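For reference, the structure is listed below as C-alpha cells.
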Amino acid sequence: MKCLAIVHTESSLGWGGQEIRVLSESQGLARRGHDVKLLCAADSRICAEAPAWQVEAVALPIAAKRLAGVKALAGWFRRNRCDVVSTHSSTDAWLSALALAALGRPYPMVRTRHISAPVPRNPLSRWLYTRATARIVTAGESLRKELIERNGFPAGRIESVPTGVDAGRFRPGDRLAARNALHLPRDRTLIGIVATLRSWKGHRFLIQAVARLPETVGLVIVGDGPQREPLHKLVHEAGLGERILFAGNQHDVLPWLQALDIFALPSYANEGVPQALLQAMLVGLPCVTTHVGSIAELATHEVTALVVPPQDVTALRAALERLIAEPSLGKTLGAAARRHCAENMSYERMLERMEAVYRGVVDANR
C-alpha cells in the first residue's frame, strides 16, 4: 500500500503520556514505511526527545496561540509534502486549523483528544471539531462518549484509539535485581507512582495515604513537573523524607516498575487511558486507581485492580493496606491486568487503528 506523509503537531512544552504517545505512534508508523514528521516548539521536551525515538522534529513557533504560529505552519504546509495533519494539543490544533483554512484546506486534519477535560460548547470549538477537522480520535471510549453526548459532535466522525504498549517489553521482572540496580531498599514494601507531577494526578493524596501506613512501607515517585515543590514541602512537613523517594524523570521506567510491590494512580481529573497505568499492569503489578476519564477500560474493581473514589485518602489507604495484607490478591489482580492489557491495548493494535484512520481521511479527501 502507498505510504502516507503524516505530519504531527504538538505545541506542549511539557512531558508525559501524551507526548510519549505522539512519539511512540510516530516511530511505529515510520517503521511501517510512512513518512512521519513532528512539528513542535523549539524549547519543548518533545523536540529534544524526538531524535531518540528516530522521529524527525521540525521546530516552529507554535507554543502559543499567536499569528506567528499560523504563518509558520502555513508556510511549512505550503513548502512540504503532506497527506494528513494530526494535531494533539489545543494550541497546535487551532494554529493548524487556521493555517490550513488560509490555504484552502489542502490536507485533512485529525484532532486527537488525549485527556478528559471538557471541550467548550461554543461556535468556535464546534467549528474546530467539525468543519475544520476530518476525524476526531480520543484516547478512550468515555472521552468519545462525552464529545458525542455533551458536545453533540457526530458519532460517526469520532473514534476511540487507546494508547498501546509493547507487552513483550513491559513484563514482570526480577524485583530484587531491579531494586539492587536502582539502589532501592530490599526490605520495604514499595508503592510507586509514575506520572508527571501535576495536581490532578493525585500525588498529595497518595503521600497522605502512605503517611498512615506502617514505617515499613515506602513510596517511590517517578516523574517531575509543576507540583514538585509543593509535594517536597508536604513530605518534609510530614516527616516522611526517609520513606519517600522522588526519583525524577526517568528515560526508562521499566526497571522502576519492576522494582515495586504495588502501583497507585489516584487521578481525579483529565485522564484518558493512562500510559503509566497500562505499563504497570503489563508488568503484573497490583494497582490502585480511580475511574476518572477512561481508566475503567483498564481497571475493573477486584478483577484487574482496586478502584477507589477520587480524592479519598481513607479509601486509598484502605486499598493499599488490603494489597499489603493479601499478597495472593495482588498476584491475582496483577495477572488478570496483564492478560487484559496484552489482549486489548497492544502497541500494534494502536498502530493498525491509527493507520486506518489516516488512510480513511486521506482517501475521503481525494
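A few remarks follow.
- Checked against the criterion of being of a type outside the set (Gly, Ala, Ser), farther than 30 Å from Glu149 by Cα and in contact with a strand residue (DSSP E or B) (Cβ under 8 Å, 6 or more places away or on another chain), the candidates Leu60, Leu95, Leu103, Leu13 yield just one match: Leu60.
- Of all residues in the range 83-114, those satisfying the criterion of being farther than 22 Å from Gly360 by Cβ and out of contact with any Asp or Glu (no Cβ under 7 Å at 6 or more places or on another chain) are Ser90, Thr91, Trp94, Leu95, Leu98, Ala99, Ala102.
- Leu190 being more than 21 Å from Pro310 (Cβ to Cβ), hydrophobic (A, V, I, L, M, F, W, C), part of a strand (DSSP E or B) and open to solvent by 20 Å² or more (accessible area, probe 1.4 Å): no
- Near pairs, Cβ below 6 angstrom, 6+ apart or cross-chain, from the range 189-201 (closer than 12 Å to Gly248 by Cβ) to any residue that is at pLDDT below 95 and of a type in the set (Gly, Ala, Ser): Thr196/Gly16; Thr196/Gly225; Leu197/Gly225
- Restricted to the range 1-29, and to residues there that are open to solvent by 30 Å² or more (accessible area, probe 1.4 Å) and over 20 Å from the mean Cα position of the chain (by Cα), the residue that is nearest to Ser96 (Cα to Cα) is Cys3.
Residue-wise test of (1) modelled with pLDDT of 95 or more; (2) surrounded by fewer than 16 Cβ atoms within 10 Å (Cβ to Cβ); (3) of a type in the set (S, T, N, Q).
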position	(1), (2), (3)
Ile62	yes, no, no
Asn80	yes, yes, yes
Thr87	yes, no, yes
Pro118	no, yes, no
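- Residues considered: Leu320, Leu333, Leu257, Leu316. Of these, the only one that is surrounded by 23 or more Cβ atoms within 10 Å (Cβ to Cβ), touching an Asp or Glu at 6+ places or on another chain (Cβ under 8 Å) and part of a helix (DSSP H, G or I) is Leu333.
- Here Asp252 fulfils each of the conditions (1) open to solvent by 40 Å² or more (accessible area, probe 1.4 Å); (2) closer than 20 Å to Ala177 by Cα; (3) more than 20 Å from the chain's Cα centre (by Cα); (4) not hydroxyl-bearing (Ser, Thr, Tyr) apart from (3).
- Taking residues in the range 54-66 that are in a loop (DSSP other than H, G, I, E, B), and partners anywhere that are open to solvent by 30 Å² or more (accessible area, probe 1.4 Å) and among the aromatic types (Phe, Trp, Tyr), the pairs with Cβ atoms closer than 9 Å and at least 6 places apart or on different chains are Lys65/Trp94.
- Counted residues, the range 70-89 - those being touching a residue at least 40 places away in the same chain (Cβ under 8 Å), under 25 Å from Ala117 (Cβ atoms) and in contact with a Leu (Cβ under 9 Å, 6 or more places away or on another chain): 4
- Tally, over the range 280-304, of residues that are open to solvent by 20 Å² or more (accessible area, probe 1.4 Å) and touching a residue at least 60 places away in the same chain (Cβ under 8 Å): 4
- Residue match in the range 207-214 (condition: assigned to a loop (DSSP other than H, G, I, E, B) and either of a type in the set (Val, Ile, Thr) or without any contact (Cβ under 8 Å) to a residue 40 or more places away in the chain (or both)): yes
- Within the range 241-269, being among the small types (Gly, Ala, Ser) and out of contact with any helix residue (DSSP H, G or I) (no Cβ under 8 Å at 6 or more places or on another chain) holds for one residue alone: Gly248.
The values are calculated or read from the model by the stated rules, or taken from the named source; none is laboratory data. Remember, it's a predicted structure, so these values are computed and weren't measured experimentally. Ideal geometry is used to build each Cβ from the backbone, glycine not excepted, and the neighbour counts take in all protein chains shown. Just so you know, the surface numbers come from the protein's heavy atoms only, side chains and all, with ligands and any DNA or RNA stripped out. Shrake-Rupley method; radii C 1.70, N 1.55, O 1.52, S 1.80 Å.
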